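Written out below as structure tokens is the structure these notes cover.
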Amino acid sequence: MTPTTSTNRKPWKRGATRVTSALFRLRAPEVSKWPGSVTFGIPRVLFPLPSPEVVKLPSVTPIRVPSVSHATIPILAEPEISTDLACHPPSTLELGVHLPPVSHVTLPLLEEPKITTDLTCHPPSTLEFGVHLPPLALEDFTSWLPSGLITGPDVVQMFEPLGFPAAIGKSYLERARDDDSEAYTRLSFLPSEEDLTEECIHGLPRASCSICLGEADKPTRRRAQTTRQKEVVVDPLDLILPLLQPPLGEDFDNIVSFPPGKRLLPFQPDGVRFLLDRTSALLGDEMGLGKSIQAITALRILSRIGTARNVLLLCPKSVVSDWHNKLWEWAPELRVVRVRAPKQQRAVLWESPGHIYLTTYETLREDLDIVNTQGFDLCLLDEIQRIKNPSTGVTQAVRRIDAKIRWGLSGTPLENKLEELISIFAYLKPGLLRVADADRSRLVKRLIKPYFLRRRIADVLDDLPQKVSHEVWLDLTDRQRTSYERALREGRTSLNQNRTVVHVLALIAKLKQICNLDPETGESAKLEYLQEQLEELREGGEKALVFSQYPKVTLEQIAPQLEEFKPQLYHGQLSDKQRDDIVREFQEQDTSKVLLMSVKAGGLGLTLTRANHVFHFDLWWNPAVAQQAEGRAHRIGQEKTVFVKTLYTVDSIEQRIHDLLAEKRALFQEVIDGLSDDDLTRLLTEEELFGLFDLEPARPTGKPSLSQKATEVLRSVSPVEFEELVASLYERMGFAVRKTQLSYDEGVDLYAQRSTDAGVEGLIVQCKHYFGGTVGVAVVRELYGTLRSKPNMSRAVLVTSGRFSQRCGEFARGKNIDLMPVDQLLGLLLKYDLLGVAGG
Amino acid sequence: MKREEHCLGFYSLNKTLDKEGYLGALLITDQYGRPLEFRATHSVKPSPFQRQLYGEALEPYIGVELCGKQLVKQLDHTLGLLAVSVSFLLDVRDFVPCPVVHVQKAGDAIEVQRRTGAEEGWSGQQLASPSGRFQPIVIDTAREYKDDLDRARILVEEAFTHMDLLEPFERIARALEMLPREDSRFA
């Protein structure tokens, strides 16, 4: 340090310089490889202690501190802690210290400077100094300064090392204990050579046959269907899963890139590339060539490279479930948000994290006020002819979606429908076509050519297998669902009283028929789908066979709805001549586009090769039966690929049996003679049959059955406990339940509410603990009155531990009142194990 | 062979979107490149003062001590081989029982050698994909674990038949671009 002062006077006596600051320069140390702390060499300095008179120093003066023996300086007050500290890179540290005026201070013998350790730095740029100074006396500050050491602060903390960051992660597959777990099977299946070459009983390579490989899909589909709307909080590590997937390969030939049994047909990679190369594209392959599969594959690729992080997929209502299943089968790593719910819930779903938002055109139109129209990277429109009319609300809604990439799919030959093309391309490629171009077909075709790919079956025949089979999963309509649930309840009640296989089979048949068609209104999800398919077929000049096990209850009912396709009905009641005439007309003329057939009626020799599309309207237990039916079209003389579609309904007896039978494929190796539902008894045990309805088979007398034990428990509860049981039951069934006060509340004991696809279902529930007794119609009338006074409630339920009189049933019918007698109640209580008798 | 022995790890140290911090990320795949597990650290953001004090040791310290060590400790899967994106991450070998290799494009490795001169003790090996589907690579191990190289080469060649061993690092980078949108602790 070399301060500037006057040496001709004693500074503390007169004209002393007031030291208000001192500046120290320190050299930063070199750092070792793994510094846990840094060592600074810093001199211990004593602050210059000003005398009562001011001792002047330059405000910023580099001071070099020499070693000294001793010095005396005026009294020093506690110095202030300077906060004006800065680190000047690269190698020096300047410290400014502001000191109050002091009188004098006496300093002890000055020591050698010590090296301070344990220095840490409080980011970003401040240093704290702790200063401890005893009272000191300094006579000659001026003479001291050049020769004195000033005790400096002990640096208590200069440096803070980097801390360990938190880490998160996820294991995407179950490990060793679940080597054959679904997820691992789905995502890790490696087909053997045998699987790729040998054919299964369905005539397809084993690795490609979705029926044979359906085991992996069984519970996962159910999970996808039932849990999709409850998931709102999503693990970010699931959202990045598509980005962590391996590439599909240049020719999509990476064998691990597709789920089990899923491979592109030879012509399909061209369609995928066509989509990938364009931000505007219309894929118009003929029906059956796998447009949706090609689109899904292209979506997977764009998801993996991060181009398509949010996709909006619009489709007709009838195929929402089918799309959902296809996405699950072909792109399991993509998270699908199915936006189908009451509007309030849809608002939550639109905000829910996901890769693909699947909904209908109508839902989008209704939700325009809550959808982020700018939030999608890609918009995929299935059956894009839905926006062929520019003035409809649906078209207007779609045009509000501002996605960078816009793809459309349509099996309808659009190339000759110029007005429709113009409207479609007004969204796909705005500005490409004008309304005035409607009568300039050559110009339009030339302009759209780069964006439109259509292949007919005849074009790719060599690449197609002889037969292509698909499962189509549909949602029951609202009315069908209502009828189905009622029939199921009543059926279970009946089974409780008549627990025989015959009654089980009868109930199964009844439920299957409802899955085909609602008995009261004729509504049919399968029919809606079939109509759309037949319309496309007709445009392409093709024909179809539709098979059902129920000619009277199903085929005769749907025939009038298909009038525009001139259906022919072929069944056992026809004479031989009538049958021959029908077959000849179907094979030789173009009038009739569809033949509705009962399989029982046809013989093995029947040739219907004019049709190359086969629809199984209801479920066959035995795939050999399905094969025989398909054999009418798929036989010698057939020049085209036969496309087979089997129609199922989700969350129904069809799904339960389908899943159960999937486990028993080995039994299907042998062709079973006879084509009735009795076949089912050869394939499923009695336990399995009754288990379809969560019941046990009737047991021989002697040992008390589960239901007998349950009855005893129910007999012993009090009315309050009975209400508690019923409340618990509805909670287990997914309802939010509120019990009313004990005082009279218009006869309502419980309010129950839950959200469904159809809306919010609100119930009022009355409990009558009349064990062994009978509830009369007056109770039901009263409840009906209460229901009518509560318009926000959907239905009323009357639950009893006894029975209902016949008049109760008659009165309740058609009034949104459900009656739950003791048998049905016991069945449900046992199912949800609310009586504590399981295992006994 | 046990399934675990086919598990491959890919570890990289990436910069945050604002370039001010670092993220460690570890992707575990099977021999075909299918993701089995993914782990990542929250961002480490050194202050300017810390950058000065750590100097050139900053990235190795963060990559090995702070991030790498705890990522490998949290793994559910047992690794057969761990590939790292830069050579200073080879020191994670101290914390894993399997071979650790630095993988780079053959062209890049040769270029570095040409520019910097042959590094003493560098024993990188060039490998071609047995299936011919991917560009050749060069692998190297930590100096203290040169014995790993032979064992690593066998495992690398087996995996290199089915997958490009540099491609998973691109996936990690894309995933780390997306994660901050969902969780700000990765920003």
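For this structure, a couple of remarks:
- The sole residue among B:Glu59, B:Glu20 that is in contact with a strand residue (DSSP E or B) (Cβ under 8 Å, 6 or more places away or on another chain), more than 8 Å from chain A (Cβ to nearest Cβ), surrounded by fewer than 19 Cβ atoms within 10 Å (Cβ to Cβ) and in contact (Cβ under 8 Å) with a residue 24 or more places away in the chain is B:Glu59.
- From B:Lys15, B:Lys73, residue being surrounded by fewer than 18 Cβ atoms within 10 Å (Cβ to Cβ), at the interface with chain A (Cβ under 10 Å from one of its Cβ atoms) and under 16 Å from the mean Cα position of the chain (by Cα): B:Lys73
- Residue match in segment A:791-807 (condition: farther than 17 Å from A:Asp749 by Cα, in a helix (DSSP H, G or I) and of a type outside the set (Ser, Thr, Tyr)): yes
- Filter pass, A:Val650 being within 24 Å of A:Ala509 (Cα to Cα) and modelled with pLDDT of 80 or more: yes
- Index of the failed condition, A:Leu714 passing every other in (1) among the hydrophobic types (A, V, I, L, M, F, W, C); (2) modelled with pLDDT under 70; (3) more than 35 Å from the chain's Cα centre (by Cα): (2)
- Residue check, B:Ser87 in contact with a helix residue (DSSP H, G or I) (Cβ under 6 Å, 6 or more places away or on another chain), touching a residue at least 12 places away in the same chain (Cβ under 8 Å) and more than 9 Å from every other protein chain (Cβ to nearest Cβ): no
- For segment A:472-487, the candidate set comprises residues that are assigned to a helix (DSSP H, G or I) and among the hydroxyl-bearing types (Ser, Thr, Tyr); within that set, the residue that is nearest to A:Glu520 (Cα to Cα) is A:Ser483.
- Single condition A:Gln806 does not satisfy, out of (1) surrounded by fewer than 16 Cβ atoms within 10 Å (Cβ to Cβ); (2) at pLDDT 85 or above: (2)
Quick grid of which residues meet (1) under 26 Å from A:Gln344 (Cβ atoms); (2) not hydroxyl-bearing (Ser, Thr, Tyr):
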residue: A:Gln385; (1), (2): no, yes
residue: A:Lys388; (1), (2): no, yes
residue: A:Asp402; (1), (2): yes, yes
residue: A:Ser423; (1), (2): no, no
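- Per the listing B:Phe38, B:Phe95, B:Phe49, the residue uniquely aromatic (Phe, Trp, Tyr) and either more than 7 Å from chain A (Cβ to nearest Cβ) or on the phi > 0 side of the Ramachandran plot (or both) is B:Phe95.
- Taking first residues from segment A:529-546 that are over 13 Å from A:Ile457 (Cβ atoms) and partners that are at pLDDT 85 or above and in a helix (DSSP H, G or I), the Cβ contacts under 6 Å between residues at least 6 apart in sequence or on separate chains come to A:Leu534/A:Phe565; A:Ala544/A:Leu537.
- Any hit, segment A:303-310, residues being within 14 Å of chain B (Cβ to nearest Cβ) and in a helix (DSSP H, G or I): yes
- Looking only at segment B:149-176, and only at residues there that are part of a helix (DSSP H, G or I) and without any contact (Cβ under 8 Å) to a residue 40 or more places away in the chain, the one that is farthest from the other protein chains (Cβ to nearest Cβ): B:Asp150
- Of all residues in segment A:573-597, those satisfying the criterion of being assigned to a loop (DSSP other than H, G, I, E, B), surrounded by 13 or more Cβ atoms within 10 Å (Cβ to Cβ) and within 45 Å of the chain's Cα centre (by Cα) are A:Ser592, A:Lys593.
- Enumerated helices (runs of 4 or more DSSP H) restricted to segment A:314-373, each holding at least 1 residues that are touching a strand residue (DSSP E or B) at 6+ places or on another chain (Cβ under 7 Å) and closer than 28 Å to A:Leu237 by Cβ: A:320-330, A:343-351
- Residue within segment A:283-299 that is hydrophobic (A, V, I, L, M, F, W, C), assigned to a strand (DSSP E or B) and at pLDDT 80 or above present: yes
The values are calculated or read from the model by the stated rules, or taken from the named source; none is laboratory data. The shown structure was predicted, so the numbers you read here are calculated from the model rather than taken from an experiment. Note that we place each Cβ from the backbone using ideal geometry, even for glycine, and neighbour counts take in every protein chain shown.
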